[in-house]
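**Q** I'd like to ask some things about the structure below.
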Amino acid sequence: MRGVCVNPVYVMRAVSQLTSSQIEVVAVVGFPLGANTRHVKEKEACAAVADGATEVDAVINIGYFKNGDYNYVLDELKRIVNVVAPRWVKSIIETCYLTKDEIVIASKISLDAGCSFVKTSTGLGAGGATLEDIKLIRDTVRNKCGIKASGGIKSLSSATLCIEAGADVLGTSATMKILGEVRDLA
């Protein structure tokens with residue numbers, strides 16, 4: 001396990017619990033709907049980093065995005081990237097609410113904003129990571145940024161398929177189950 005993703009209010013607690021480990025603390029921003037203002041997300045990201053988060057996962061404003069206000073989403077992500085640099089920012093684009101064309105646009109916006117990763121899902125939406133979406137994101141961003149597949153990854157086989165489809169990092173609440181499956185193979 002490389003990191004644990006928590007709401008900003010729990011960053012300090014997670015940092016204090018994990019000080020003797022190599023596990024990173026990642027904070028979500030704009031979670032779960034991305035409907036906070038740019039200013040709030042920027043402040044939330046700053047506070048999370050001040051409290052010890054080493055990465056930020058930012059939910060894009062899906063409403064503005066679906067309305068075609070791509071400049072708003074780009075500006076929002078750029079602001080977050082700028083305030084937490086040089087730390088990683090993963091843009092959560094919530095693929096289950098987007099068309100294939102919109103997934104491409106959101107991935108390009110994330111790349112243009114300087115995000116280190118495009119993340120498929122919060123895990124709370126109507127659907128999680130799909131192999132088709134992971135492949136589409138990979139075709140769009142190539143090797144210019146990473147992909148975090150998140151949502152619905154509940155087994156070693158689904159984790160393996162996501163990695164084979166192009167995911168660099170996985171987000172799952174089934175980590176212990178998957179690690180158990182790995183141990184069983186050894």
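**Q** Would you say LEU170 is among the aliphatic types (A, V, I, L, M) and part of a loop (DSSP other than H, G, I, E, B)?
**A** Here the answer is no, as LEU170 does not meet what is asked.
**Q** Pick from the stretch 161-177 the residues that are hydrophobic (A, V, I, L, M, F, W, C) and farther than 18 Å from ILE147 by Cβ: which of them is surrounded by the fewest Cβ atoms within 10 Å (Cβ to Cβ)?
**A** Of everything passing the filter in the stretch 161-177, MET176 is surrounded by the fewest Cβ atoms within 10 Å (Cβ to Cβ).
**Q** Checking the conditions here, which among ASP184, ASP112, ASP101, ASP139 is of a type in the set (Asp, Glu), within 19 Å of VAL56 (Cα to Cα) and surrounded by fewer than 22 Cβ atoms within 10 Å (Cβ to Cβ)?
**A** Criteria check complete, one pass: ASP112.
**Q** Where residues in the stretch 154-176 are of a type in the set (D, E, K, R) and within 22 Å of GLY125 (Cα to Cα), which of them is farthest from the chain's Cα centre (by Cα)?
**A** LYS154
**Q** Is it true that some residue in the stretch 30-37 is surrounded by fewer than 23 Cβ atoms within 10 Å (Cβ to Cβ), within 21 Å of LEU77 (Cβ to Cβ) and among the aromatic types (Phe, Trp, Tyr)?
**A** Yes; the residues of the stretch 30-37 include at least one that is surrounded by fewer than 23 Cβ atoms within 10 Å (Cβ to Cβ), within 21 Å of LEU77 (Cβ to Cβ) and among the aromatic types (Phe, Trp, Tyr).
**Q** Any idea which residue in the stretch 143-156 is surrounded by the fewest Cβ atoms within 10 Å (Cβ to Cβ), counting only those that are outside any strand (DSSP E or B) and polar (S, T, N, Q)?
**A** The extreme case among them is ASN143.
**Q** Further question: What tally of residues in the stretch 5-22 results from selecting those that are crowded, with 16+ Cβ neighbours inside 10 Å, aliphatic (A, V, I, L, M) and either in a loop (DSSP other than H, G, I, E, B) or in contact with a helix residue (DSSP H, G or I) (Cβ under 7 Å, 6 or more places away or on another chain) (or both)?
**A** The number of residues fulfilling the criteria is 2.
**Q** Looking at ALA129, ALA159, which is the one that is touching a strand residue (DSSP E or B) at 6+ places or on another chain (Cβ under 6 Å), more than 15 Å from TYR97 (Cα to Cα) and either of a type outside the set (D, E, K, R) or part of a helix (DSSP H, G or I) (or both)?
**A** Exactly one of ALA129, ALA159 is touching a strand residue (DSSP E or B) at 6+ places or on another chain (Cβ under 6 Å), more than 15 Å from TYR97 (Cα to Cα) and either of a type outside the set (D, E, K, R) or part of a helix (DSSP H, G or I) (or both), namely ALA159.
**Q** Can you work out which of the residues in the stretch 56-74 that are buried (at least 22 other Cβ atoms within 10 Å of the Cβ) and not hydrophobic (A, V, I, L, M, F, W, C) is nearest to THR120 (Cα to Cα)?
**A** The selected residue is ASP57.
**Q** Something else about it: Go through (1) within 23 Å of LYS144 (Cα to Cα); (2) modelled with pLDDT of 95 or more and name the single condition GLY3 misses.
**A** Failing condition for GLY3: (2).
**Q** Tell me which residues, restricted to the stretch 4-34, are farther than 16 Å from CYS46 by Cα and among the hydroxyl-bearing types (Ser, Thr, Tyr).
**A** Across the stretch 4-34, the qualifying residues are SER16, THR19, SER20, SER21.
**Q** Pairs under 8 Å by beta carbon, first residue under 7 Å from VAL56 (Cβ atoms) in the stretch 78-89, partner of a type in the set (Phe, Trp, Tyr) and buried (at least 17 other Cβ atoms within 10 Å of the Cβ), six or more apart or different chains?
**A** These pairs meet every condition: VAL89/PHE117.
**Q** Another one. Pull up the stretch 75-93, narrow it to residues that are of a type outside the set (Phe, Trp, Tyr) and out of contact with any helix residue (DSSP H, G or I) (no Cβ under 6 Å at 6 or more places or on another chain), then point me to the one that is surrounded by the most Cβ atoms within 10 Å (Cβ to Cβ).
**A** ILE92
The values are calculated or read from the model by the stated rules, or taken from the named source; none is laboratory data. In this text the structure is predicted, and so the values were computed from the model without any measurement. Quick reminder, even Gly has a Cβ in these numbers, built from the backbone with ideal geometry, and neighbours come from all protein chains shown.
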